[in-house]
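Here the structure comes first, spelled out in structure tokens, and everything after it is commentary.
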Amino acid sequence: MTTPRLDTRDRLRVWLWSLGLQGSWNPQRMQNLGLLATLVAWRSRRPHDLEDDRHFCRRYYEFFNTNPYLANFLVGGLIHLEQQAAAGQTPPPGLIRMFRDSLGRALASLGDQLFWMGLRPAFTLALCLLGLIGWWWAALGLVVCFAAGQLVLRWISLEQGLRLGMDLVDVVSARGWHRAVALVRRSGMILAGALGGLYVLRLQDVAASVDASLLIMGAAFGMVVPLVLRRRLPGEFLMLLAFGLALALTFAIPESGG
Amino acid sequence: MTAGGFLDWGDPVGFAGAAVLGGLLALDDTAYAQTWLSQPLPAALLTGLLLGDPLTGLALGLPLQIVLAANIPVGQSFTGDAVTSTVGVTAAAVLAEASQTPALLHGSAGLPELGWLLLAVSLLSIAGQYAVGAERRGNTAWMLRGHRTLRDGDLGRIGRLHLRCMQVTFVRGAVTTVAAAYLVYAVWLPLFGHLPARVQAASGLLALLLPGLGLGAVVEQYGLRRSAPWLAIGAAAVVALGTVVRA
């Protein structure tokens, strides 16, 4: 059996294109063009055959969506299968499509839990905590660390996908992912509590300039509003809501109301 | 503050720098790499650093980061354009020499002008949704052009179309950033002096109240009952630490 390989130059090329997976995101087929462009970065370095190229494009022109941070597991896996097919080990009809769709969905779900619902809120809260302390340079440093970390993850996952091919299913179903999600979410909750505590302390500090008790009541009211509404309003609308609340508070705070 | 009248560009190099940064961060937001440098706080800090006033970046970026914390790009129909509006408004504040002090930091209650600028970010972000939507519909049209490759097998076309979509994202980011910056510089900031006293006062309170709403939204996302013990641990740790530091 042929062991699929990708030399460093080709791997770098595929990795750079894979960073733009969502560059042509569209409502109709989402990341399909991004995935195809990434795979073409590998394919275009191989000997051309018009019919094969047409079929290759047809395979990847359908709807595709996954989590961009974990997508390189799949990109590597697909290159693995394509290399096997090119070497004459023709996979069963529909296997590549099934692999792409099922693994893409699994990675999308995992990535949503780990990155969008776990890491991003926790990371945001950590940034805010550093900002509220006044360590803006540390906040920037934290972002740089995340940026470097996710780039490394994408590099390693490309290699893993290329090596494992179909066996990637074992990586995705590992229990470690779910433990990581739980850990990150708990960290986020602790950070939210810490930020809330610091926020209240800071509000007390500004007691000299505005009526602190009313302000804290306003802040508490503000915190309760999203919980009572039970609707995930976008932050932009929360800002407009906060402005309405602030306007109402000016009637109760004579010093601020003028 | 030295924001001038209509068609007064003040420092064109500063506007151009902000436009390039806005374009690059618009790319980072969704299209390329997604390093999170395009999140509101880093974006505002980078704009402030670029134009020589990182504290104004912190003042604007911090409340924005908290209140936008619950904006998750999963299954949401609203996308907004917080990136270019944050960069544009921060650039306008620095270029108009309307330096801001971070609210709640070192006992500062914040400035009414800061709240007024935050309000501009929210309105511009909501307006920017239409530009993002138009860009994505444009991506569909480019993507459909790639169907020709299914007939002629020209693989190079796929890469070119994909890169063109990213170029459009960069240009959209740069243009909306400079438009936001100019609008705030020439109209929004000069308007502040003409506002009724009560609206100015409400703007002053805005930056103080935003973290509360943002935290409420994050807790709602985690689930209050599930997160309560962990929230209590975090809050208790900070309050204890704060008490020790003050003592």
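The numbers here are math on the coordinates, done by the rules we state, and not lab data. Here the structure is a predicted model, which means the values were calculated and not measured. We place every Cβ from the backbone using ideal geometry, glycine too, and count neighbours over all the protein chains shown.
Given the options B:176, B:140, B:84, which has the most mean-square fluctuation in a GNM of chain B, springs set between C-alpha atoms less than 10 angstrom apart?
The residue with the greatest mean-square fluctuation here is B:140.
Once both axes come from the Cα atoms, what is the angle between helix B:197-222 and the longest principal axis of chain B, in degrees from 0 to 90, rounded to 10?
Value to nearest ten degrees: 70.
Sort A:55, B:194 by Cβ crowding within 10 Å, fewest neighbours at the top.
Listed from fewest to most nearby Cβ atoms, that is B:194, A:55.
Compute the long axis of helix A:71-86 from its Cα atoms, compare it with the longest principal axis of the Cα atoms of chain A, and write down the angle in degrees, 0 to 90, nearest 10.
10 degrees
Under a no-solvent Debye model with one identical scatterer per Cα of chain A, what's log10 I(q)/I(0) at q = 0.13, 0.15 Å⁻¹?
Ignoring solvent entirely, the Cα scatterers give -0.90, -1.08.
Picking from A:90, A:66, A:38, which is most flexible by a Gaussian network model of chain A using Cα springs under 10 Å?
Per the Cα network of chain A with a 10 Å cutoff, A:90 tops the list.
Just in the stretch A:1-78: which chymotrypsin sites (Phe, Trp or Tyr not before Pro) are loop by DSSP and have at most 13 other Cβ atoms within 10 Å?
Values: sites: A:15, A:17, A:25, A:42, A:56, A:60, A:61, A:63, A:64, A:69, A:73; in loops: A:25, A:61, A:63, A:69.
In loop regions of the stretch A:1-78 (DSSP not H, G, I, E or B), the sparsely surrounded chymotrypsin sites (Phe, Trp or Tyr not before Pro) are A:63.
What list of ³J(HN,Hα) couplings, whole Hz, do you get for the stretch A:121-135 from phi and the Karplus terms 6.51, -1.76, 1.60, once you set θ to phi - 60° and write x for glycine and proline?
Couplings: x, 4, 5, 4, 5, 5, 4, 5, 4, 5, x, 6, 6, x, 8 Hz.
With charges only on Cβ, +1 for K and R and -1 for D and E, what is the dipole size of the stretch A:1-167 about its Cα centre, in debye, rounded to 20?
I would put it at about 120 debye.
Considering the alpha-carbon set of chain B alone, what are its Rg and its Dmax in angstrom?
20.5, 76
Taking other Cβ within 10 Å of each residue's Cβ, how do B:72, A:133 sort, fewest first?
Numbers: B:72 16, A:133 13.
The order, fewest Cβ neighbours first, is A:133, B:72.
Helix-derived [θ] at 222 nm for the protein assembly as shown: sum -39500 (n - 2.57) over DSSP H runs of at least 4, divide by residue count, nearest 500? Numbers along the way, then the final one.
Working: 22 runs with 361 residues, N = 505.
Mean residue ellipticity, 222 nm, calculated: -24000 deg cm²/dmol.
Over chain B, with a Gaussian network built from C-alpha contacts below 10 Å, which listed residue (B:19, B:131, B:207) shows the highest mean-square fluctuation?
In this elastic network of chain B, the residue with the biggest mean-square fluctuation among B:19, B:131, B:207 is B:131.
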